[in-house]
Amino acid sequence: MVFSSLLFLYLFLPATLLLYILMPDKGKNLLLLAASLVFYFAGSGRYLFLMLGMILLSYLAGRWLGQEDRGFSAAKEEKEDRGLVATKEAQEDRSLVAAKDAKSDVALSPQYRKITLAVFLLIALGLLGFFKYADLVADTINAVGGGKILRPLHLALPIGISFYSFQCISYVVDVYRGTYPAERNLIRFATYVSFFPQLIAGPIVRYDAVKDALKARKHSFENYSAGVIRFTIGLGKKVLVADRLFAFCTAAAAVREPSAVLAWAESAAYLLYVYFDFSGYSDMAIGLGKCFGFDIPENFNYPLISGSIREFWRRWHISLGSWFRDYVYIPMGGSREGRVRHIRNLLIVWGLTGLWHGAGWNFALWGLSFGVLLCLEASLGEKSSLGSRDSMEGKDPMAGKNSRERKDPLERKDPLERKDPLERKDPLERKDPLERKDPLERTNPLGETLPRHLGVLIAAILIFVWFRFPSFELALNQFGKMFTAPLWSSESAYLLKNSVVTLLASAIGATPLLHKAWDAITKTRAGRMLSLVLSVCFLVAVLILVTAYLVDGSFSPFLYFRF
Amino acid sequence: MKKIPSILISILFTLILMLGSILLLILPKETYSEAERRPLSTPPSVSLDTLLDGRFFSELDTYMADHFPGREFFRMMKAVWQKDVLKEWENNGYVLFEGSIIKLEKQVNTASLAYAGERFQAVYEQYLKNSDCRLYAAVIPDKSFFLSAEGFPVMDFSDMENRFADSIPGAEYISLKDSLTLEDYYRTDSHWRQDRLLPAAETLLLAMGAAAPEEESAFQIETYAPFTGVYAKQAAFPYEPESIQYLTGTYLDQLEVRDYDTSTVIPVYDPENCDPRDAYTLFLGGAKAFLRLENPNAKTDRNLVVFRDSFGSSIAPLLAGSYRSVTLIDLRYISRDFIRRYMRFTNQDVLFLYSATLLNNSQGLIE
């Protein structure tokens, strides 16, 4: 089941909301869990049992690793020694540990903990690898070996496996690290992993972002209505913008007379499509989360206005970038072990980031392209005057401030990356990202930074060609059209004219301009009244239009009926 | 967000969704879509298999879309949004151009042309190869042909004409491109208008060496209204119903039409009994496998055989004025082996007259 379906909008969601409102607080988690399992079952059928297995495995691994919370207490004590944990919190943790120590003195040895973690990771990554990458491996071996050495399994990909696997891994690793104690309540933990708003398209929510809300959360009309508006924005982005952009890309790809202008517009539209599609799903997840009392972290922050690739990735799929940083890049040594290893680490992480997006070498190439540009940016950053900002940030687009802090990712204080996501304001109330002070990108006037913004945009457009096409031939064909096709054709003119409003509106919508305009409106009392009217109109209009598109989606005329 | 606006928005959103659900559940369900000419989906069956492989939920989603309250209203909303706000010309492959709804045929379907060509060649081999019949072929342009000059991406009609002509050995190709304009077609339908077909009929008749049709002034015009063509509801654009105008008088009133399926004589026009959903069926009774129009007032002994689709129904009476008889054969409803039961091919003019729309979607021709 997807959010942009009639089944979800007019059956699953209203039923779940109604039951959730009627359910006493005590049973709300159980209801959410049941709803999430139905949601997943509707889309994935028998793979539900795979997800349940992963939940159970992660829960048990967490409990095992968090036994008596030794690791947790040890880590906290270490932090206390370093003066990094608030006294009250530390006292609570100590009393917790003391109480448990009174029950039992049994604790896992570090070796057992490591083995447990390794076994868990082997199973979790093994399942992910098996279901997602088995055919890629088989096809690659067959291609290299020049024969049918391995038979592809052609398994259907379990929906959301990349997301819930990463959530489970982050949870178990964090418990292992002693970042927080293991969750003892299986219902709570299963609700966290399977929470339907973010289950199939993210964001990748860390357990500590929602653990308090899982125990007790407040519900209010303010939260609910903010969630409703955010959900509606996401729904509109997906159905009214992203799907139109995709239709344009499909039509542009099928033209008989390609032109360079159309090929560039098509590639740019594809980048916009991915942005609106993915960020639309994230908006819907965040909005639904709010409706149910959760603050799901932001996942996109106007990435297409970025002035550097590093900034792009701070704004694009934020939850994935931070996951790879904390669980792959930094454990591999980040930028601390010399230039060569730093570059190696970056390329490994970006190759994996690419493969995470899809089981194809085009995705790996897509990720690696970003990795190479990040390496180049880091090198240039060192040499240019702009590199006089924090040198570690200049070198290391993924890391925090210094090596000591990077040992514990939770303690880093990079203002752009480390702010508690829960503390972020609702995006409608958020400060305009353009106003944020990024010393690299924001200190120069627009005239000076514009070429850089354009450069990033063009790089992203080109790199996303790899993302789009499953084979190198198709991607190279697209590059060929972009660089060698005739500039213009009549068919291109038709398509571009036909979609000009969608293209321009989506390009504007990918910037914070509308958000700024909204802020300007709501500054005055009259503006706030107007904003209410606009909000209501927006809500009704988007719901009607989305319904119209979904209903029309079943349009299947028998055109050549037998008269 | 302040409290009252928050309450208002919260309630509004929840009410809209719940209202949609309730109406969907309680309103009676239709079984057939006139716009799409197809039966609407039925509730999905529940079984362990359909649940586990996801079919139940995907079929349930389709069922909801098919039976959503105000389905046609929502479809029209989408069409209007795309046309008037997004300024897109197309909706589901249809465009609204100068008041006429047109389905864009963007590419020649070579596989379909090849399939149709095989059917025609088989007829040629079986009946015409060794006969003394004179063979002719003509493609009726679809409405999108007239958009090519306007910059719309439509198929290469000349390519289709060449492929079609090549599929019938020895046939003389007659081009109708210059005898027709967009105004010669109904605004809401794919078909051409009989009251505007005299130039096209003249082109065909003269090319076949027959006498030109009578002057327009010799005919009377009758009207059937209201008429809403198949494109209107499919495209979902707002539309005004139109009317069908058909020619009567002179020899037309004496034409005798024999339906060989039912062995009956049927009227040339039957406005009382035509299907109002497909009012174009008033011409020669609609879908018929084998018809013969006999003209007792003919001043010639020549006979014409037309392999045709639905477009042939409206032009055949105009061709009949220049022949003793016009035989209409629709290969969608009759296997070629059965044709021999009804006729022999000898010394006739044989015209293969097909619309571009059918040639591009020829799967209906019987193998």
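None of the figures in this text is laboratory data; all of them are computed from the coordinates on show. Source: prediction; values computed, not measured. Counting neighbours? That spans all protein chains shown, and the Cβs are built from the backbone with ideal geometry, glycine included.
Worth pointing out:
- Expressed to the nearest 5 percent, the antiparallel share of DSSP beta bridges inside the protein assembly as shown is 60 percent.
- In plain terms, the residue of A:HIS219, B:HIS67 with the fewest other Cβ atoms within 10 Å comes first and the most crowded comes last, giving A:HIS219, B:HIS67.
- Pairs with C-alpha atoms separated by more than 32 Å, drawn from the list A:LYS26/A:LYS523; B:LYS106/B:LYS233; A:LYS215/B:LYS78; B:LYS29/B:LYS143; B:LYS177/B:LYS299, are A:LYS26/A:LYS523; A:LYS215/B:LYS78; B:LYS29/B:LYS143.
- Note on B:119-132: average number of Cβ atoms from other chains within 10 Å of each residue's Cβ is 0.
- Relative contact order (percent, whole number), region B:100-364, Cα cutoff 8 Å, 6+ residue spacing: 24
- Spherically averaged projected area of region B:100-364 from its Cα convex hull (nm²): 13.3
- For chain B, a Gaussian network of Cα nodes joined below 10 Å ranks B:MET208, B:MET76, B:MET18 by mean-square fluctuation, and the top entry is B:MET18.
- The order of the peptides B:240-248, A:267-275, A:164-172, B:22-30 by mean Cβ neighbours within 10 Å, most packed first, is A:164-172, A:267-275, B:240-248, B:22-30.
- Residues A:ASP174, B:ASP261 arranged by fewest to most Cβ contacts within 10 Å: B:ASP261, A:ASP174
- Rg/Rh for the protein assembly as shown stands at 1.06; both radii use Cα atoms, and Rh follows the Kirkwood definition.
- In this structure the amide hydrogen of B:ALA137, modeled in the peptide plane, comes within under 5 Å of the amide hydrogens of B:GLU172, B:TYR173, B:ILE174, B:PHE352, none closer than 5 places in sequence on its chain.
- Shielding of A:541-550 by partner chains, average beta-carbon count, 10 Å: 6
- Between B:VAL265, B:VAL230, B:VAL306, the Gaussian network model of chain B with springs among Cα atoms under 10 angstrom shows the greatest mean-square fluctuation at B:VAL265.
- Using only side-chain charges placed at the Cβ, +1 for Lys and Arg and -1 for Asp and Glu, the dipole size of chain B relative to its Cα centre rounds to 780 debye.
- For region A:367-375, Karplus couplings with θ = phi - 60° (6.51, -1.76, 1.60), whole Hz, Gly/Pro x: x, 5, 4, 5, x, 4, 5, 5, 4
- Counting, for every residue in B:54-63, the Cβ atoms of other protein chains within 10 Å of its Cβ and taking the mean gives 6.
- Once the Cα atoms are used to define both axes, helix B:3-26 deviates from the longest principal axis of chain B by about 50 degrees.
- Shape class for region B:1-75, computed from the alpha carbon gyration tensor (a ≥ b ≥ c): oblate, with a/c not under 1.5 and a/b at or below b/c.
- Distance from the C-alpha centroid of region A:244-271 to that of region B:313-335: 46 Å, rounded to the whole angstrom.
- Whole-Hz Karplus values for region A:350-364 come out as 6, x, 5, 4, x, 5, 4, 6, x, 8, x, 5, 4, 5, 4 Hz, taken residue by residue from phi with 6.51 cos²θ - 1.76 cosθ + 1.60 and θ = phi - 60°; glycine and proline positions read x.
- Listed residues B:SER179, B:SER322, B:SER41, most fluctuating in chain B (Gaussian network, C-alpha, under 10 Å): B:SER41
- Note on region B:14-156: Cα Rg divided by 2.2 N^0.38 Å, N the number of residues, gives 1.58.
- Within region B:100-364, DSSP assigns beta bridges of which about 50% are antiparallel (rounded to the nearest 5).
- Cβ crowding within 10 Å ranks A:MET23, A:MET51 as A:MET23, A:MET51, fewest other Cβ atoms first.
- The helix-only estimate of mean residue ellipticity at 222 nm for chain B, built from DSSP H runs of length n ≥ 4 each weighted as -39500 (n - 2.57), is -9000 deg cm²/dmol after division by the residue total.
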